[in-house]
Amino acid sequence: MKATTRRLDSTATPPTAPTAAPRPTSHPAAWACRFDVPELPRRHVHRRQPLETLSQADEAALVVVTAPAGTGKTALLTEWVKSEGRSGDTAWVTFDGPPTDLADPRVFTSAVVRSLTGLGVDTSAVHDGPSASWVPSVASAVVAAGRRMSVVLDDHHRVTADVADDVDLLLRLTSGRLRLVFAGRRAPRLPLHRYRLAGSVVEIGPDELAFDDDEAAALAAPSGEPPPSRTSVRDWNAYHGGWVAGLALSRHSRDDSRTTPAVDEYFRHEVFEPLPTELRRLLLTTCAVDVFDDDLARDVAGPATDRLLRLAETCAFATTTPDGDRCYPGVVRDALRRALARTDPQQAAVVHTTCAEWLRRRGAITDAVRQYAAARAWDTVSDLLIEEQLVGRLVTERPDGPLHRACRPLAETDTRAAPLVRAALALSDGDTVGCAQALASARGADTAACVAALDALRARLEDDADAALAATDTAQHELGDPGTVPPAGALSASVRVARGVALLRHGDVDLARAELGDTAASRPGRELPETYADCLAHLALADAVEGHLTRAERTAVDALDALDTDETAARSAVSSVSSVSSVSRESRSSVIPPDTSPFPGHAAAHVALGLVALDRCDPDLAWRHAMAAGPVPESLTRHLAHRVVAGVEAAEGHPAAAASRLHATIAEAAPTDPWTTALLRVESARLALLEGHPDLALHELGSLGRAGDTTTSGARSTTHPAAAVVRAAAHLRRDEDGRAHQVLTAATGGFPALRPRVEALVVEAERRLRHGSALRGAPVLDTALRLAAPERLRLPFRQAGPEVRHLLASDPRGAQHWLRGLSESPAAPPVEPLTAREREVLRHLADLLTTEEIAELMVVSVNTVRTHVRGILRKLGVNRRYAAVRRARELGLLDE
């Protein structure tokens, strides 16, 4: 009879067997197998779903359980055998002998025969030998036994002998009386397609063996221990991809979601090192990127790609994403990357270069630069930074961002981009002098566009509004950006933002809004979180100043969300409800954020939210946002932040401190920023008016607010509406009704923004009421209220003269309840009650603390805080921290 030609394992290659040492017994399986059913692990978790699948295997001739090491194959089959009372008709073989022994076909034959003998089958007529002699005799003995029986062949992948044909023949000859259960890291090389067609095989793979969240929770906290939160378990289990061994070994460190040394060691010895060399090479290459496709695998594996990818799925946890790419669970990816870091530097460089070229073909240039940098291919990195104009990303990205870390060593090389990188890094640290010096050393005509763009970004920080605007014109010319079409790339988008900010500093609010809005809507603007947030934040500033509070609030929150960082998300906890609990000045001053970039969108967004809170008469919240903005190098945002703080000081009864702050800021802004200078002078005049000094208010305004005053350094000559309204109020308080009426008429003759329009109506109502004409004053005040109500713009009414405040207080209809900050409708209760720890985190969120600061205060890990935050969002039925704090205040949860 012809000898068998296939091995049981589909991939293993039988090693050359040395001369075996003498054995204590002549039975071949005695020294290479174990025949007892294993005990369940001490922390075993009941596997309901896989057991239900196995319960459907009663009529199947073949059961195949295939998955990588540590996925619970043995434990599942052990529970199945013991829980369903199958011990009497099931035998168990574990192949755990030396590879040289398991290459002997007699070991497998002897193991099967011995197992059947233990089940009461008469195997006395069975002889070891070719298929023609042992398989028919064993099959006859099984059929003669007259009952159905099973043999579990655990770790069958260790068997390298050619026995696959024997197994197939045995199953066919026993006519369903014998069921073989294969458990291993690779599928047996049987004609599984035929068994599938006949419906006589049950297969369980890695997906079925992966723990779900309930099973992971049971493993994390056995009976008697306090259960972890569902969110924490979900994140922990997702990081491990349901891998049982990883979960078990990291059970006590699940909050950190990092691979522990025990997990790393198990993965290296049990999963990675036993794999074929070519598969290990594929894994080490594809782990360097977050997702990969067949093209990258083909660059590494060539013709063997399909086979190795199938092996990666069955042996190394590779999975397919909804987009059709492939990836590894976080725990596997991180373990593989550590293995890559331990390899030879030249081999690692080849890996990173291969990934970089693949990413470049996909258009992921920024990620390609990082891979080239990891390969230390500095010339290529330099070329890409210049050709793709990526140096601007180094300015807007956080100092600890991935591109920063990758390109920082390039600054010490002699490549073409080195001066540009030094300039960008200096600018990202706020060092405008170092930036200028580095730009002066740049060489080559091909760097001119990048040099001009970086200089425009430098001018945004250092120069006056005129020079900053001129620098953006030069940069756009060098970049070939006509300014009439969407920006072509990241650097063009950054220059467009700089131009929008310069226009805003001039007071050309409409032009600035168009520039910033077009950039935010462009593809480069949307794809760059920092640039997008920068655009939105400055749009929010413009809206807040003009009184469009609802739009300003929404835009500022969108800017914070776009950044998608713990610091900014934690600080976005803004509420429009005025029931904010008061805090001391000492506790407020502790809310100082970490430095991010010289153009932090989060700072401008928080200042915009602070302006919104001031106009809604919520000084406590305004202060929190001013502190969350932190020290800002950009003049526009810095000056407006001082305006917020001065407004808070005035609202809390410290007018002298507020006036001093405003005067100091005016002195700083006057030489460079005409728009903010005018705004600050108006605010200073308002303060003097509130303190009962109309003469001082007129002095603070100077010529501002008169017909023909200049608000943009001579660029145009129009009446400043807000200043004109304050001027009119001052004349009115001086009993100069005619002059007040004249100034008001000039102020409202054009199309003023919402805030000065509301203020003008309030002053006009006051003027009419002063004449004793309540019937003429009330309709004007009603018009002002209708304009202000949608925005909840309260401050002009709180700062109005006594006649207006008396009329509002005596309103019998109570239609102006929003002026008192009352909620218009009750908030829906939480989906489920918050835990004590979640309430504690919620209070810290309301204080605008960062995730790291909350973790330090609560003495827990950062990931634990993130888990509590996700639980809060789910229970309150919101998807943003901002909305969670607002909902909590509406429910009174922060008052408890």
Which value, in Å², gives the accessible area per residue of the range 300-377 when a 1.4 Å probe is used on the protein heavy atoms?
-> 47
Quick one: if the Förster radius is 51 Å, what FRET efficiency do Thr117 and Asp213 give, using the C-beta to C-beta distance and rounding to 0.05?
-> 0.70
Going by a ≥ b ≥ c, the root eigenvalues of the Cα gyration tensor, does the range 297-369 fall in the rounded group (a/c under 1.5), the prolate group (a/b larger than b/c) or the oblate group?
-> rounded
Read phi for every residue in the range 236-251 and hand back ³J(HN,Hα) as whole Hz from Karplus 6.51 cos²θ - 1.76 cosθ + 1.60, θ = phi - 60°, with x for Gly and Pro.
-> 4, 5, 5, 4, 8, x, x, 5, 5, 4, x, 5, 5, 6, 10, 4
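Where only protein heavy atoms count, and the probe is 1.4 Å, what is the accessible area per residue for the range 609-663 in Å²?
Details: 1380 Å² over 55 residues.
For the range 609-663, the per-residue accessible area is 25 Å².
Could you sort 499-506, 48-55 so that the peptide with the highest average Cβ count within 10 Å comes first and the rest follow in order? Walk me through the intermediate numbers first.
Values: 499-506: 26.0, 48-55: 14.5.
Most protected by this proxy first, the peptides run 499-506, 48-55.
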Kindly express, to the nearest 10 degrees and within the range 0 to 90, the angle between helix 490-506's C-alpha long axis and the longest C-alpha principal axis of the chain.
-> 20
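Which value at 222 nm does the chain reach when only helices count, each DSSP H run of 4 or more adding -39,500 (n - 2.57), with the total divided by all residues and rounded to the nearest 500 deg cm²/dmol?
Details: 48 runs with 519 residues, N = 896.
After summing the helix terms and dividing by the residues of the chain, the value is -17500 deg cm²/dmol.
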Using a simple spin-label model with points 7 Å from Cα along the Cα→Cβ vector, what separation in nm is obtained for Glu527 and Ser773?
-> 6.2
With each pseudo-label sitting 7 Å past Cα toward Cβ, what's the Leu857-Arg268 distance in nm, one decimal?
-> 4.1
Per principal axis, descending, Cα span of the range 376-490 in whole Å | 40, 27, 25
Any chance you could give the angle, 0 to 90 degrees and rounded to 10, that helix 655-669 forms with the longest Cα principal axis of the chain?
-> 80
Starting with the highest mean, order 351-359, 691-699 by the number of other Cβ atoms within 10 Å, averaged over the residues of each peptide.
-> 351-359, 691-699
Going 7 Å from the Cα of Glu387 in the Cα-to-Cβ direction, what parts of the range 398-434 have a backbone nitrogen less than 17 Å from that spot?
-> 415-418
Residue separation times 0.36 nm, minus the C-alpha to C-alpha distance between Asp96 and Asp379: what's the value?
-> 96.7 nm
Rounded FRET efficiency, nearest 0.05, which uses the C-beta distance separating Leu690 from Asp414 and R0 of 45 Å = 0.15
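Go through 653-662, 285-294, 321-330 and give me the packing order, highest mean Cβ count within 10 Å leading. Write out the running numbers ahead of the final one.
Values: 653-662: 16.8, 285-294: 20.5, 321-330: 14.9.
Descending mean neighbour count gives 285-294, 653-662, 321-330.
Multiplying the sequence separation of Arg443 and Asp737 by 0.36 nm and subtracting their Cα-Cα distance, what value in nm do you get?
Working: separation 294, 0.36 × 294 = 105.84 nm, distance 6.62 nm.
Gain on extension, Arg443 to Asp737, equals 99.2 nm.
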Taking R0 as 45 Å, what's the FRET efficiency between Arg786 and Arg338 from their Cβ-Cβ distance, rounded to 0.05?
-> 0.10
Taking Cα atoms, the helix 164-173 axis meets the longest principal axis of the chain at an angle in degrees (rounded to 10) of 70
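Using a 1.4 Å probe, what is the accessible area per residue for the range 389-516, in Å²?
On the way: 4540 Å² over 128 residues.
The answer is 35 Å² per residue.
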When the convex hull of the Cα atoms of the range 61-195 is projected onto a plane and the area is averaged over all directions, what value comes out in nm²?
-> 7.8
Pseudo-spin-label distance Ala664 to Ser200, built 7 Å along Cα→Cβ, given in nm, is 9.0
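Carbon and sulfur: what percent of the chain's accessible surface (1.4 Å probe)?
Working: 18980 of 36920 Å².
Looking at the chain in its full context, I get 51 percent from C and S.
The values are calculated or read from the model by the stated rules, or taken from the named source; none is laboratory data. Model, not experiment: these values are computed from the prediction. Here Cβ is always computed from backbone atoms with ideal geometry, including for glycine, and neighbour counts include all displayed protein chains. Areas reflect the complete protein model, heavy atoms only, side chains present, ligands, DNA and RNA absent. Shrake-Rupley method; radii C 1.70, N 1.55, O 1.52, S 1.80 Å.
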